[in-house]
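The values are calculated or read from the model by the stated rules, or taken from the named source; none is laboratory data. None of these values were measured; they are calculated from a predicted model. No Cβ is skipped: glycine too gets one built from the backbone with ideal geometry, and neighbour counts run over all protein chains shown. Calculation scope for accessible area: heavy atoms of the full protein, side chains included, ligands and nucleic acids excluded. Shrake-Rupley method; radii C 1.70, N 1.55, O 1.52, S 1.80 Å.
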Amino acid sequence: FFFNRPIAADQTNWPSADYRYGGVFFGRNIVHTGIDIPSPEGTPILSAGPGTVVWAGWGLFLETPGDTSDPYGLAVAVRHDFGYNDQQLYTVYAHMSAMNVIVGQHVETGEVVGFVGTTGATTGPHLHFEVRFPHNSFFYTYNPELWIAPPQGWGVLAGRIVNEKDELIQQMEVLVAPERASRTFTVRTYGKGGAVNPDPYYQENLVLGDLPAGIYKVSFKYDDEKVQTWVEIFPGQVSYFTYKNEEGFTVARPPAPTLEFLPEILPATPTSTP
């Protein structure tokens, strides 16, 4: 996990289950490109990692500086000091009531960049948080729940559900039930939209973060038939499953990336010539 949480641990700092990444809420092709963390007005918003402020103000969504009609309201974007696969990483913090930084300012992890508000298109005070790479653009977002560290003792579930043509299935309701608890979590696979991108490694279309470690039953309906499997959530880790029609479930992770060349092997001790 590359990032700390943008809301402190002494506040509600987990994403709203009703507005997850990839959800479709306000129109057929309008998908959610981040996570929403509901917090009281004025709650400090913390930088998720060290970096440089590259945007502070109105207009981030439309990339039009000063546009007070922008749906992200007052927003801050940070270009981080570290990257991913040699690509630049950004985080976005939107709907602020006030900002605490200016463009060009360097911030450290946990430094206050602004305060929770209701500016822009909102239905109540919350932080809209995004992870972007390699460009600071609406079309280069990735699921933040795969990037922010879960609470101690909790983990994350990622899944890839496809049809017989290996096409990602959209907006499928999936139930995740703990083995020894009455509560059932509900999550939907990503909706259609060019701004939603699967992780380069997992190629997922479903993520459910902040799950206490334990055994869970994952179930959904495919062609009107209920299918299910069991997964184990480990503290501080991402658990992964795939489902493909007719082939069923697997819980093996994708193959690890490999080097495209063999590094030169140097001798263990210096050699000398007579």
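Might you check whether a residue that is open to solvent by less than 20 Å² (accessible area, probe 1.4 Å), over 19 Å from VAL24 (Cβ atoms) and assigned to a loop (DSSP other than H, G, I, E, B) occurs anywhere in segment 191-207?
Looking for residues that are open to solvent by less than 20 Å² (accessible area, probe 1.4 Å), over 19 Å from VAL24 (Cβ atoms) and assigned to a loop (DSSP other than H, G, I, E, B), one finds at least one in segment 191-207, hence yes.
For the condition small (Gly, Ala, Ser) and free of Cβ contacts under 8 Å to residues at least 12 places away in the same chain, what is the one hit in SER39, SER47, SER69, SER16?
Details: SER39 fails: free of Cβ contacts under 8 Å to residues at least 12 places away in the same chain; SER47 fails: free of Cβ contacts under 8 Å to residues at least 12 places away in the same chain; SER16 fails: free of Cβ contacts under 8 Å to residues at least 12 places away in the same chain.
Just one listed residue meets the conditions, SER69.
Which number in (1) charged (D, E, K, R); (2) on the phi < 0 side of the Ramachandran plot; (3) in a loop (DSSP other than H, G, I, E, B) marks the one condition that GLU63 misses?
Condition not satisfied by GLU63: (2).
Can you tell me how many residues within segment 32-49 are part of a loop (DSSP other than H, G, I, E, B) and open to solvent by less than 30 Å² (accessible area, probe 1.4 Å)?
Taking segment 32-49 as the starting set, the residues that turn out to be part of a loop (DSSP other than H, G, I, E, B) are 32-34, 39-43, 47-49.
Checking the rest, the ones that are also open to solvent by less than 30 Å² (accessible area, probe 1.4 Å) come to 32-34, 39, 43, 47-49.
Adding up the residues that qualify gives 8.
Taking segment 137-188 only, how many residues are polar (S, T, N, Q), in a loop (DSSP other than H, G, I, E, B) and open to solvent by less than 40 Å² (accessible area, probe 1.4 Å)? So that I can check it myself, show each step before the final result.
Restricting attention to segment 137-188, the residues satisfying the condition of being polar (S, T, N, Q) are 137, 141, 143, 152, 163, 170-171, 182, 184, 186.
Adding the requirement that they be in a loop (DSSP other than H, G, I, E, B) leaves 137, 143, 152, 163, 170-171, 182, 184.
Then drop every residue that is not open to solvent by less than 40 Å² (accessible area, probe 1.4 Å), which leaves 137, 143, 163.
The qualifying residues number 3.
Given the criterion on the phi < 0 side of the Ramachandran plot, aromatic (Phe, Trp, Tyr) and touching a helix residue (DSSP H, G or I) at 6+ places or on another chain (Cβ under 7 Å), identify the matching residue among PHE129, PHE139, PHE115. Steps first, please.
Numbers: PHE139 fails: touching a helix residue (DSSP H, G or I) at 6+ places or on another chain (Cβ under 7 Å); PHE115 fails: touching a helix residue (DSSP H, G or I) at 6+ places or on another chain (Cβ under 7 Å).
Just a single option satisfies the conditions, and that option is PHE129.
Confirm whether THR186 is of a type in the set (Val, Ile, Thr) and within 21 Å of ASP36 (Cβ to Cβ). Full working, then the answer.
On the way: of a type in the set (Val, Ile, Thr): yes; within 21 Å of ASP36 (Cβ to Cβ): yes.
Yes: the conditions hold for THR186.
For residues that are under 23 Å from the mean Cα position of the chain (by Cα) and surrounded by 13 or more Cβ atoms within 10 Å (Cβ to Cβ), tally how many sit in segment 215-229.
Adding up the residues that qualify gives 5.
Can you tell me which residue in segment 231-248 is most open to solvent (accessible area, probe 1.4 Å), limited to those that are in a strand (DSSP E or B) and free of Cβ contacts under 8 Å to residues at least 24 places away in the same chain?
Of all residues in segment 231-248, those in a strand (DSSP E or B) come to 231-233, 238-244, 248.
Narrowing further to those that are free of Cβ contacts under 8 Å to residues at least 24 places away in the same chain: 232, 248.
Details: GLU232: 86, GLY248: 23 Å².
Ranking the qualifying residues of segment 231-248, first place goes to GLU232.
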